[in-house]
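Notes follow the structure.
The values are calculated or read from the model by the stated rules, or taken from the named source; none is laboratory data. All of these numbers come straight from a predicted model, not from anything done at the bench. Quick reminder, even Gly has a Cβ in these numbers, built from the backbone with ideal geometry, and neighbours come from all protein chains shown.
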Amino acid sequence: MASITKRGKKWQYRITYYDFDGKKKQASKCGFSSRKEAKIAADEIEVRLYKQKNIDFSSQKMLFVDYFNKFYETYKEDKRSEANNKHYRLAIDFCVKYFSKLTIQELTRDKYQEALNDFAKTHAKATTQKRHTYIKACIRHAINEGIIYKDPTYMVEITGEKKEKHETQKFISEVDFKQILQYIQSTDTKPLSYYFILLLATTGLRYSECAGLTWDCINRSSIIINKTWDDSYTHDFSSTKNSSSNRTITIDSNTYSTFMELKSTQTVDNPLNLVFCSEKQTPLSNNGVNKTLKSICNRLNIQPITCHVLRHTHGSVLLYHGLNIKYISRRLGHSDIVTTLQIYSHVLDELEQMENRKVDTIMERLF
């Protein structure tokens, strides 16, 4: 039971409780304008203590930056990829810049929104969103641990002033997409990078997933994606981007035949059993594949693109041909369908306009 007392002109609550080890502890707070206000705050704390008897009130006074560092080192560092480590470190740097003197209790929604707004003045919306995503993971942990009970990241607005790549630059038309595929297929002696580009186009794989493929993952009608290749940091196999990225997807018979052709002609030593094994016994680099793709585009008089554009275009082609967005999301290995909807929003807008015309036609036939 909390005790409510008046200290000068303000009210204070004091709660006595026992932790899991049976040690007697107290929690108190002063500065309330009325007895009722102090009682409401004390009741909230007692409810939390009832649900979670091992709350560590000392953590509430920890600087948020220190708490974030501890969370990262304990739960996130080296648990996935070096790229994931990098994003967490960038998020921590963000917090050092904006919240260096704030305790975890003092980080309010207003202060968090103000920091995002300032950051967004010199960064793209996608970059601001990434910082928010990684900070939010730490905040959720603090809430689950009972250290705070209000989420300062709840319902914040993400903006960005720096110009992002226009949506249409992330895709090419189906006509250009088809030209690239036909050009590669018509080439008699194909360099290894041509096979790489072909698989990116016909499966929608990420570069790292394609680079990490081993021959035991390719079957007559499907490909198993269960690992990636880290081309930036470790230069070794790594885990997939997220749990949804571990998947099995179908491949068409033409793609399968082409890769059996590659396998039969592969002569380099291949201790890792890589599908795309270079003379260095490692996969082709991202830069190398992009250079080849750019060269093909120039020959075909197509605006130069990167590997990732092939992935986006693969998804848009499937959408235009009526495939279910849920299936496409799973095929591309997105963490959730919201990601797919965001990436293909302009495609969905075009399809919606087409559906409107279909509805009009159907209704007209009823009269």
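The condition (being more than 26 Å from the chain's Cα centre (by Cα), of a type in the set (A, V, I, L, M), under 30 Å from TYR327 (Cα atoms) and surrounded by fewer than 22 Cβ atoms within 10 Å (Cβ to Cβ)) is satisfied by just one residue among ILE184, ILE158: ILE184. Filtered by the rule that a residue be under 18 Å from THR187 (Cα atoms) and either surrounded by 15 or more Cβ atoms within 10 Å (Cβ to Cβ) or not hydroxyl-bearing (Ser, Thr, Tyr) (or both), segment 240-271 gives ASN254, THR255, TYR256, THR258, PHE259, MET260, GLU261, LEU262, LYS263, GLN266. Pairs linking a residue in segment 293-316 that is closer than 13 Å to LEU332 by Cα and β-branched (Val, Ile, Thr) to a residue that is buried (at least 19 other Cβ atoms within 10 Å of the Cβ) and at pLDDT 95 or above, with Cβ atoms under 8 Å and 6 or more positions apart or on different chains, are THR313/PHE177; THR313/ALA201.
Residues in segment 104-126 that are of a type in the set (A, V, I, L, M, F, W, C), more than 21 Å from the chain's Cα centre (by Cα) and part of a loop (DSSP other than H, G, I, E, B): ILE104, LEU107. Scanning segment 308-330 for residues that are over 23 Å from LEU199 (Cα atoms) and outside any helix (DSSP H, G or I) turns up nothing. Counting only residues that are modelled with pLDDT under 90 and part of a loop (DSSP other than H, G, I, E, B), which one in segment 143-158 is nearest to LYS121 (Cα to Cα)? Restricting to residues being modelled with pLDDT under 90 and part of a loop (DSSP other than H, G, I, E, B), the top hit is LYS150. A Cβ distance below 8 Å, combined with a sequence gap of six or more or placement on separate chains, defines the contacts here; from segment 247-269, residues that are closer than 18 Å to GLY204 by Cα reach residues that are modelled with pLDDT under 95 and basic (Lys, Arg) in the pairs TYR256/ARG220. Residues in segment 92-126 that are of a type in the set (Ser, Thr, Tyr) and free of Cβ contacts under 8 Å to residues at least 40 places away in the same chain were compared, and the one that is nearest to GLU73 (Cα to Cα) is SER100. Criterion applied to LYS86, LYS101, LYS97, LYS76 was being under 26 Å from HIS123 (Cβ atoms), modelled with pLDDT of 90 or more and more than 28 Å from the chain's Cα centre (by Cα), and the one residue passing it is LYS101. Per the listing ASP176, ASP151, the residue uniquely among the charged types (D, E, K, R), under 21 Å from the mean Cα position of the chain (by Cα) and surrounded by 14 or more Cβ atoms within 10 Å (Cβ to Cβ) is ASP151. Among the criteria (1) exposed (fewer than 12 other Cβ atoms within 10 Å of the Cβ); (2) touching a helix residue (DSSP H, G or I) at 6+ places or on another chain (Cβ under 6 Å), the one ASP110 does not fulfil is (2). Condition (residue is over 27 Å from LEU49 (Cβ atoms) and not hydrophobic (A, V, I, L, M, F, W, C)) applied to segment 135-144: is it met by at least one residue? Scanning segment 135-144 turns up no residue that is over 27 Å from LEU49 (Cβ atoms) and not hydrophobic (A, V, I, L, M, F, W, C).
Could we say that ALA83 is over 13 Å from CYS138 (Cα atoms), part of a helix (DSSP H, G or I) and outside the structural domain of ASN226 (by TED's automatic domain parsing) here?
So ALA83 fits the description; yes.
The requirement of being closer than 28 Å to ASN287 by Cα, among the hydrophobic types (A, V, I, L, M, F, W, C) and crowded, with 20+ Cβ neighbours inside 10 Å is not satisfied by CYS138.
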